[in-house]
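Worksheet: one structure, shown below.
The values are calculated or read from the model by the stated rules, or taken from the named source; none is laboratory data. Fair warning: this is a prediction, and the values are worked out from it, not measured in the lab. Cβ: placed from backbone, ideal geometry, glycine included. Neighbour counts: every protein chain shown.
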Amino acid sequence: MRNAGLGSWPERRLRISPDRDAIWFEGTCTSHGQFAVRVRRAADALAGLGVRTGDRVAWISGNHPSALETLYACGQLGAVWVPVNARLTAPEAEYVLAHSGASVVVHGREHGGLADALRDRLPGVGAWIGVEPAAEGGADSLPYEHLLAAASPDPRDEPVGLDDPCLVMYTSGTTGRPKGAVLTHGNMTWNAVNQTLGFDFSPTERTLALAPLFHIGGLNGTVNPTLLRGGCAAVLRRFDPATTLEVIEQQRITSFFAVPTMLDAMSRDPGFPTRDLSSLRTIGAAGAAVPLPTLRTWLDRGVTVQQAYGMTEAAPGCTVLDSADAERKVGSAGRPVFFTDVRVVRPDGTEADVDEVGEVVVQGPNVMAGYWNDPERTAEVLVDGWYHTGDAGSLDDEGHLHIRDRYKDMIISGGENVYPAEVESALLELPEVAEAAVIGVPDQKWGEVGLALLVASPGTVPDPDAVRAALRGRLAGFKVPRHVRVVDELPKTATGKIRKPDLRAQHLIEENTP
C-alpha cells in the first residue's frame, strides 16, 4: 500500500486548499501549501539523519508548529513519532526515550538543558535537534530551521498502511513506569472522522491548539481533525487565560479542546465578560466533568460545551455529551461517538444491566494496537478486540455513560493523569518512608489532587515539605502530592494489600470536615 496514513494529509490538503491558513503561531500564518512544503523538508531532513521506516523520532517541547510538522514528516517516511511530556524530569524523559528506542530527538527552547543532561546517557540517539535557540544549554543540538532550509521540498511516498504505527504516546504507568500506547495511522484517521462528525467541523474551522500537543486530547481533540478538514490550527505555546481569550477574539476561533480547569480559569479572568466570543461555536472538554457553574458561564456566552470521555489508548474519543443535554444529563459522559462501541460489563464479561455498575470496555478502529514492547500488559487490556479501560461506569436507559468510580486508582488533576503507584514508588525511595499510599482528594481549583499517607521508618520523623521537595527532583510537578500526612499505619487486607477504599472513606471525610 502506498502512503495511506497521516503523512499524506498535508499533501491532499495542498491539492484541495493550498491557500487557506493551516497554522497560526505567534502572529505568523502558514498556508496549507506552505505547511505541506515544510513537512516535506522536515521528512527529507530526518531521512538525511538516517531515519527510516519504523524508526522512532521523539519530540519534547511546549506547543509549537514543529510538533505537527514532525508528526506528518514521520508519516511520510513510515517512521514513528514519540511525543514526550514536556513536564517530565530528566530521569522520566530518559526512560521514555530509551524505552521507545528513539534515534532522533527534537526539542523546544526550554529543553536545551535536558538535551545536555541526557546526550551522553542515550547513545542510541544519533541526533538532537533544537527547534529554537535554547533558553540555556542545547548548544550542541542541530538547528531545526537550518536543517529544513537545506532539505529538499520534493514529495515522498513511502509505503504506509492504516495498520502501521503512527505514534507511540506514553501514559503514566500503574506499576510505576509509563506505558507507550501504539496508535496506528488507522487509529488516528478514524478518530479524526469521529471527531469531525461529533463536532461538525467545517473547512473554515479555526481551532486552538491550546492543551499540550504531547497529550492525546491536545493533539487529536480538535487540532488534527481541523487540519484534515482543511481548517486552521492556532497554536498557543502555553496556556494563559487572558492571552487565550485575546487570541479567540482576534483570530476568530471557532472551536478548541480544553480540560475543565482551563475553562474555569478563563471564565474567571477579568476580561471574560467583555471579550468578543461571537465566533466561538463549540468547546470539547474532557479529563473530568465540567462543574455546572463553569458550564453555565460558557453557555450564557452562547458557546456550546461538549463534554467527552476518552483516553490515550482510544486516540482518544469514546463518548461525547452534547451541550443540549449538559444540564439534563449532568455528570454523564455522553453517548458513544459514531464509529466506536462502548459497553459496560460484569467481571465475568457479561453485559451489565441498565444503571448497573461494571467495567467500561471500548471497541473501534480508533483503539490502539497495543503497548510498545509490552505484550503482557497488552494482553491484559485488549481482550477479544475490546479495550478494558479499568474505569467503573454504568449506562442509563438512554445509552448515556456515567463514570462512577475507577477500577484503577488514577488521579486526574487539572487534566493530567497521575498514577499513585508511580508516586508511591518514588516515595519509598526516601529513607524516612517505610510505607506509602497515595489517593486523590477533591480540590476546588484542580478537581482532584494527591494526598500521600506515609508510615515513617523507625527513628525518623518525615517532614511533609521536605518530602514534597524531594519528590520534585524525581517526578514532574503535577505528580507531586499536594498534601502529605504521616500516619501510624495503613489499613491492609489479609494478604497485605493496602485497602485504598478505606483510606478514601476516612480521609475524604476528614477533608470535608470543617
(request) Looking only at region 167-179, decide whether some residue is touching a residue at least 12 places away in the same chain (Cβ under 8 Å), out of contact with any strand residue (DSSP E or B) (no Cβ under 6 Å at 6 or more places or on another chain) and of a type in the set (A, V, I, L, M, F, W, C). (result) no
(message) assigned by TED's automatic domain parsing to the domain that holds residue 280 and touching a His at 6+ places or on another chain (Cβ under 7 Å): which single residue out of 240, 200, 164, 154 fits that description?
(response) 164
(request) Among the numbered conditions (1) within 23 Å of residue 505 (Cα to Cα); (2) in contact with a His (Cβ under 9 Å, 6 or more places away or on another chain); (3) in a loop (DSSP other than H, G, I, E, B), tell me where residue 373 comes up short. (result) (1)
(message) Any residue at all in region 289-308 that's assigned by TED's automatic domain parsing to the domain that holds residue 218, crowded, with 23+ Cβ neighbours inside 10 Å, in a loop (DSSP other than H, G, I, E, B) and in contact (Cβ under 8 Å) with a residue 24 or more places away in the chain?
(response) yes
(request) Working only within region 203-228, note down all residues that are part of a helix (DSSP H, G or I) and either β-branched (Val, Ile, Thr) or surrounded by fewer than 22 Cβ atoms within 10 Å (Cβ to Cβ) (or both). (result) 216, 223, 226, 228
(request) Scan region 163-202 for residues that are within 14 Å of the chain's Cα centre (by Cα), in a strand (DSSP E or B) and among the hydroxyl-bearing types (Ser, Thr, Tyr) and jot them down. (result) 170, 171
(request) Residues being under 19 Å from residue 22 (Cα atoms) and crowded, with 20+ Cβ neighbours inside 10 Å: count how many of those fall in region 248-258. (result) 6
(request) Of the numbered conditions (1) modelled with pLDDT of 90 or more; (2) in contact with a helix residue (DSSP H, G or I) (Cβ under 8 Å, 6 or more places away or on another chain), residue 343 fails exactly one; give the number of that condition. (result) (2)
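For region 42-155, list the strands (runs of 3 or more DSSP E) that sit wholly inside it and hold at least 1 residues that are closer than 27 Å to residue 417 by Cα and either in contact (Cβ under 8 Å) with a residue 40 or more places away in the chain or aromatic (Phe, Trp, Tyr) (or both); which are they?
In region 42-155, 56-60, 80-83, 102-107 are the strands (runs of 3 or more DSSP E) which contain 1 or more residues that are closer than 27 Å to residue 417 by Cα and either in contact (Cβ under 8 Å) with a residue 40 or more places away in the chain or aromatic (Phe, Trp, Tyr) (or both).
For residue 359, indicate whether it is over 19 Å from residue 167 (Cβ atoms), of a type outside the set (Lys, Arg), touching a residue at least 24 places away in the same chain (Cβ under 8 Å) and not in a loop (DSSP other than H, G, I, E, B).
The answer is yes for residue 359.
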(message) So for region 235-248 (the condition being over 22 Å from residue 292 (Cβ atoms), in a strand (DSSP E or B) and touching a helix residue (DSSP H, G or I) at 6+ places or on another chain (Cβ under 8 Å)), does at least one residue qualify?
(response) yes
(request) For region 13-41, enumerate the residues that are without any contact (Cβ under 8 Å) to a residue 24 or more places away in the chain and over 29 Å from residue 244 (Cα atoms). (result) 15
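Conditions (1) touching a strand residue (DSSP E or B) at 6+ places or on another chain (Cβ under 7 Å); (2) surrounded by 20 or more Cβ atoms within 10 Å (Cβ to Cβ); (3) modelled with pLDDT of 85 or more, marked per residue:
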{"position": "398", "(1), (2), (3)": "no, no, yes"}
{"position": "420", "(1), (2), (3)": "yes, yes, no"}
{"position": "441", "(1), (2), (3)": "yes, no, yes"}
{"position": "450", "(1), (2), (3)": "yes, yes, yes"}
{"position": "464", "(1), (2), (3)": "yes, no, yes"}
{"position": "469", "(1), (2), (3)": "no, no, yes"}
{"position": "473", "(1), (2), (3)": "no, no, yes"}
